[in-house]
């Protein structure tokens, strides 16, 4: 009897021209949607940012030929596409990663990212100069007269967000922290020619750690940037990460966020034996990725932290009054982020040469730590 072969993950083609890790151009097996008067998602009172690319090219009735452009915004799915996505994820769930391998991927996720960056160095991901268009605070912060501002990028990788900011910076009072739990990624940051210890500090830190990094004083940051990194966490790590965000940011500080949305192309193209648990997968290189629903993400980020986090505010002393004298009850301030903006960025990307349709779904948002 031949010995059984050790379990290995099926490999998928990685396209180095893609912004997203392991999301190569695979055609979606559904027809193009019918043209309609699709509009920007207004469920969160979203006011379009004039510099943002989201919602620029709408799918309208007068667009007779969809193949005249490479991309369309806010393309809503029809019932056939929705069913295809649901069926695809059900098939994935029926062929999960074996339990003994799940332990491997969840115990030391940073090791897989170390291997990833040791192999691909700083050439895999594209620089994200476009972020300054999507998040105006980043464009304003680099102006020479903006004033003091402290920014931290979590899951910084080799610095594809940090260094475009530093390259454009004219503000003498801007300081940026570049944090990642991969020591190889931080090594790449420190070896970059733009790395200046007077303007930037690279450090190894797991955002789901029990406390914030020692390099960052509590309640000292104006902005935290999280771009395609929250999805690398296990769901059990989300709450602690949000607590760390709260502790790092000043009152009035802002969280800038972009990550994978539910039923994105990268999720639907996952092969067999990549499924870890609902909407959580392991890529061919061993790194994890989660695909978020909009309402789910809002609940995660804006959860009430008061019960789990020691209050940073002193107790409010309320004098003893009779019920008729008081008439109201004073309560401790709620410790939770405010949702400023959260949108589903739906893109239909078209490869006109090969007639391929690629449906991308991302979540992009801003959250604010309230001033109390």
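The values are calculated or read from the model by the stated rules, or taken from the named source; none is laboratory data. Not measured: the values here are computed from a predicted model. Cβ coordinates were reconstructed from backbone atoms using ideal geometry, including for glycine residues, and neighbour counts include every protein chain displayed.
Out of (1) part of a helix (DSSP H, G or I); (2) surrounded by 11 or more Cβ atoms within 10 Å (Cβ to Cβ); (3) at pLDDT below 55, what's the single condition that is false for residue 309? The one condition residue 309 does not meet is (1).
For the structure I just gave you, tell me whether residue 256 is crowded, with 18+ Cβ neighbours inside 10 Å and part of a helix (DSSP H, G or I). For residue 256, the condition - crowded, with 18+ Cβ neighbours inside 10 Å and part of a helix (DSSP H, G or I) - is not met.
Tallying residues that are more than 30 Å from residue 246 (Cα to Cα) and either at pLDDT below 80 or not in a strand (DSSP E or B) (or both) within region 351-372 yields 7. I'd like the full set of residues that are within 21 Å of residue 137 (Cα to Cα) and more than 15 Å from the chain's Cα centre (by Cα), limited to region 206-226. Scanning region 206-226 gives 216, 219, 220, 221, 222.
Here is a list of conditions, (1) free of Cβ contacts under 8 Å to residues at least 24 places away in the same chain; (2) in contact with a strand residue (DSSP E or B) (Cβ under 6 Å, 6 or more places away or on another chain), and residue 230 meets all of them except one; can you say which number that is? Of (1) free of Cβ contacts under 8 Å to residues at least 24 places away in the same chain; (2) in contact with a strand residue (DSSP E or B) (Cβ under 6 Å, 6 or more places away or on another chain), only one is false for residue 230: (1).
Please work out which residue is nearest to residue 93 (Cα to Cα), limiting yourself to region 273-297 and to residues that are part of a loop (DSSP other than H, G, I, E, B) and out of contact with any helix residue (DSSP H, G or I) (no Cβ under 8 Å at 6 or more places or on another chain). Only one residue fits best here, namely 273. Only residues that are modelled with pLDDT under 95 and touching a helix residue (DSSP H, G or I) at 6+ places or on another chain (Cβ under 8 Å) were counted across region 190-209, and they come to 2. The residue of region 118-140 that is modelled with the lowest pLDDT, among those that are within 19 Å of the chain's Cα centre (by Cα) and not in a loop (DSSP other than H, G, I, E, B), is 132.
A quick yes/no check of all residues on (1) within 28 Å of residue 276 (Cα to Cα); (2) at pLDDT 95 or above:
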position: 94; (1), (2): yes, yes
position: 103; (1), (2): yes, no
position: 107; (1), (2): yes, no
position: 164; (1), (2): no, no
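Filter region 214-228 down to residues that are under 13 Å from residue 247 (Cβ atoms) and out of contact with any helix residue (DSSP H, G or I) (no Cβ under 8 Å at 6 or more places or on another chain) and give me whichever is surrounded by the fewest Cβ atoms within 10 Å (Cβ to Cβ). Across region 214-228, the extreme among qualifying residues is 214.
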